[in-house]
Amino acid sequence: MLNGEAVEYEAAPNETLLAVLRRNGVFGVKHGCETGECGNCIVLLDGQPVTSCVLLAVFAQGHTSSTIEGIGGEQERGWRGSQPLHALQTAFIETGAIQCGYCTPGMILAAKALLDRTLSPTEEEVRDALASVLCRCTGYAKPVEAVLRAAARMRGEEVPPIDGETAIPGPEELFGGIGPREPLEPLGGDVLTRTLPAMTVAPEVDTLQQVGKSSPKVDARKLVQGNPAFTDDIELRGMLVGKLLLSPHAHALIKRIDVSRARALPGVHAVLTYQDVPRVAYTTAGQSYPEPGPHDNYSLDSRVRFVGDRVAAVAAETEEIALRALDLI
Ligand code: FES
Ligand code: FES
């Protein structure tokens, strides 16, 4: 089951859950380190957070998997979603817990696993739950505040608005004319995290609509829903995988090359050598006119000039097939 629906995906024996989900368009599962360290690929497997990059897809068979796409209301693709959000997603937006948003799905899922166990977590428990997710934007304090805020709301408590009214007042001597603002309300329990920056509030703020007031990040809603927003979230379904056979020699001539076995491998769509491509010379020097030359490179050539120079190119249905085809050349 994936996000409440029975799904069937094909998976190679060595394919990870991360690879299979993203290959099938579940882009809310982010591709980070691939080594189980960053937590950006977290999926809830039977309610427990797991790093899907180090879990073989076959182990998810027969289990319940949840991704960010299954959190909150119906997802809507596009710049702005219009469906209801989970309390965690709302709190992440309200508190400004999102910077680039790459780690946000992992953070929200890790937090959801915690709130599914208890709606009264301590701040330490929240920090512990989020510790498995690395944020490359280094945003760690606001997500803690967001989770505590969501928990308070899910307990049915009123939470204070986050807007200019909660700003810390400027120094009396500077703005003596404006009265002191309300101090921040406690957010349930012994909350230690306070992330509102010290703000100097000018008297004009009270008459302005935007200046001095917090406003949600313009693409926050899209990011908390895990919608495709990054260059890695491109549609890969049906796309072939390309691999290159590289030269082990620093300087050599290819006198004979046999690609027949690679071409015959099921799942291979093309195998190219210097015999298959037009001989168009180009230079690797310079980036614009006039190029310094010399024009002595070819995309594939019968002469290799360095270790790692291109010998052949393969296009196949999977990375594994492409690599096997390279072995057959
Ligand atoms: S991509 Fe899975 S833990 Fe980093
Ligand atoms: S990685 Fe950018 S917000 Fe965490």
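Using only Cα atoms, figure out Rg for the range 241-327 and give it as a multiple of 2.2 N^0.38 Å.
The value comes to 1.20.
Amide H neighbours of HIS269 under 5 Å, counting only residues 5+ apart in sequence or on other chains, H built in-plane at 1.01 Å?
The list, which skips near neighbours in sequence, is ALA315, ALA316, GLU317.
Just report the Cα centroid separation between the range 1-80 and the range 86-109, whole Å.
That distance is 18 Å.
What residues have an amide H closer than 5 Å to that of ARG303, excluding those fewer than 5 places away on the same chain, when H is modeled at 1.01 Å from N in the peptide plane?
ILE254
Restricting to DSSP loop positions (anything but H, G, I, E, B) with no more than 15 other Cβ atoms inside 10 Å of their own Cβ, which trypsin sites (Lys or Arg not before Pro) remain in the range 230-277? Could you put the intermediate results ahead of the total?
Working: sites: ARG237, LYS243, LYS255, ARG256, ARG261, ARG263; in loops: ARG237, LYS255, ARG256.
Of the trypsin sites (Lys or Arg not before Pro), the ones in loops of the range 230-277 whose Cβ has at most 15 other Cβ atoms within 10 Å are ARG237, LYS255, ARG256.
Report the net charge of residues surrounding LEU45, where surrounding means a beta-carbon distance below 14 angstrom and charges are Lys +1, Arg +1, Asp -1, Glu -1.
Net of charged neighbours comes to -1.
Can you run phi through the Karplus equation (6.51, -1.76, 1.60; θ = phi - 60°) for the range 116-130 and list ³J(HN,Hα) in whole Hz, with x for Gly and Pro?
5, 8, 8, 9, 10, x, 7, 4, 5, 5, 5, 4, 5, 5, 7
Give me the percent of accessible area attributable to carbon and sulfur for the range 241-327, probe 1.4 angstrom.
54
Counting only heavy atoms of protein chains, what accessible area per residue, in Å², does the range 241-327 have with a probe of 1.4 Å?
Per-residue value: 65 Å².
So which lysines pass the test for LYS112, namely a Cα distance under 23 Å, with those fewer than 8 places away in the same chain ruled out?
Output for LYS112: LYS30, LYS142, LYS217, LYS222.
For the range 1-159, taking Cα atoms only, what is the radius of gyration to one decimal and the Dmax to the nearest whole Å?
15.2, 49
In the range 244-329, which chymotrypsin sites (Phe, Trp or Tyr not before Pro) are in a loop and have at most 15 other Cβ atoms within 10 Å, using DSSP for the loop call?
Working: sites: TYR274, TYR282, TYR298, PHE306; in loops: TYR274, TYR298, PHE306.
Answer in residue order: PHE306.
The values are calculated or read from the model by the stated rules, or taken from the named source; none is laboratory data. Because the structure is a prediction, the values reported are computed rather than measured. FYI the Cβ positions are ideal-geometry reconstructions off the backbone, even for glycines, and counts take in every protein chain you see. Heads up: the accessible areas ignore ligands, DNA and RNA and are worked out on the full protein's heavy atoms, side chains in. Shrake-Rupley method; radii C 1.70, N 1.55, O 1.52, S 1.80 Å.
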